1. Count the DSSP beta bridges whose two residues both fall in the chain, then state the antiparallel fraction as a percent rounded to the nearest 5.
2. Would you calculate the separation in nanometres between label points at Ala284 and Asp35, each defined as 7 Å from the Cα along the Cα-to-beta-carbon direction?
3. Can you compute the modelled spin-label distance between Phe317 and Lys203, with each label point 7 Å from Cα toward Cβ, in nm?
4. How far apart, in nm, are the 7 Å Cα→Cβ label points at Gln255 and Ser217?
5. Magnitude of the Cβ-charge dipole of segment 64-180, K/R +1 and D/E -1, about the Cα centre, nearest 20 debye?
6. Which three extents, in angstrom, do the Cα atoms of segment 195-346 have along their principal axes, listed largest first?
7. Report the one residue of Val264, Thr170, Ala229 whose Cα lies farthest in the direction of the positive end of the charge dipole of segment 129-291 (charges on C-beta: Lys and Arg +1, Asp and Glu -1; origin at the Cα centre).
8. At a threshold of 8 angstrom on Cα-Cα distance, excluding pairs fewer than six apart, so keeping six or more, what relative contact order does the chain reach in percent?
Amino acid sequence: MAIVLGIESSCDETAAALVSADRRIIAQRIASQDDAHAPYGGVVPEIAARAHAERLAPMIAAVLDDAGLELTDLAAIAATAGPGLIGGVMVGLVSAKALAMASDVPLIAINHLEGHALSPRLADPALDFPYALLLVSGGHCQILRVDGVGRYRRLATTIDDALGEAFDKTAKILGLGYPGGPAVEELAATGNPHAVPLPRPLKGSAEPHFSFAGLKSAVLRAKESGAHADADIAASFQQAAIDCVTDRLARALEQMGPVTALVVAGGVAANQVMRAALEAVAAAHGLRFTAPPPALCTDNAAMIAWAGIEHLAQTDFTPAPLDIAARPRWPLDPAAEPVRGAGYKG
Ligand code: KG4
Ligand code: ZN
């Protein structure tokens, strides 16, 4: 039974995990850097890279120890090679290269977005290709059609902020701290989602792309007006964001052809109100709905190890060369047209 070591270090989570081809997470360790970045209201790349460098090596030793395995027992070492904050990505990828070289185990360079895109298949053995994927995190906001391993068609991206970023900025405006998503969801549960009139940017537009910058500005104005309770602002923001997502998703589903399921992944997929709204979209389109458990939605190394397992199973699998470069940008669908305004989030 093939076992793959996964390494994740592209943002503010340092993680290592061992996953087997029969979908067992044999061991995993994850260290969040939330406390280190909280005073700044967002991730500081230099602080992140240092924290990864300090934590990763002992973490890898710990998961191997937990499982009672040696490096030479592994079928491959899979590391996130981009996209993300380059200092952190380099820490993880260089570590993986060193271990692969020392133990003569194949290296697999994983696109972090592919980790999110395939993670639902780790949790749900019945999930078959092709499926529609809504990928919503702090750095990314995309709708993809997943046709198979390495075969992704991007139908939509954001022209400004990612959805998780919009939650984080709203949290900052409301003084809720970082990361903001869970705090906004908690406060929103006590507010009225229709109390504050907020825009739904791009709702109804022909292309299924996203925009959240105008919504964030409107949240700021609502807060500064002093006319609304924070809970009402949080609830109204969450409702506006979800309305945008369901509208854009419905448009993308019209354009992508038949799929087996609607899948949501990425940190924002942990939001229960969003999940309920997405379930309704799936039902309206006659699709099965699936979302990985919250711990697999936010950044983790099990999804990177699993993507490695999926690559190993391909008939044309070849290990990555040991001089492969870390990539700050790495689109999942290289053929996707650039969208005006979309930068690294595309
Ligand atoms: O996938 P992830 O862990 O890291 C990135 O690749 O970005 O996603 C983190 C993002 C943050 O913006 C966080 O605020 C958001 O996911 N998030 C949430 C919730 N939990 C995490 N957003 C809304 N509701 C939540 N419950
Ligand atoms: Zn992520």
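1. Working: 24 of 41 bridges.
Rounded to the nearest five, the antiparallel share is 60 percent.
2. 4.4
3. Label at Phe317, label at Lys203, 4.6 nm between them.
4. Taking the simple label geometry, Gln255 and Ser217 are separated by 2.4 nm.
5. Roughly 500 debye, rounded to the nearest 20.
6. Largest first, segment 195-346 extends 60, 38, 32 Å along its Cα principal axes.
7. Of the candidates, Val264 comes out farthest on the positive side.
8. This gives 24 percent for the chain.
Where a number appears in this text, it was derived from the coordinates with a stated rule and is not lab data. Predicted model, so just to flag it, every value in this text is computed and none were measured. Cβ atoms come from the backbone with ideal geometry, glycine included; neighbour counts cover every protein chain shown.
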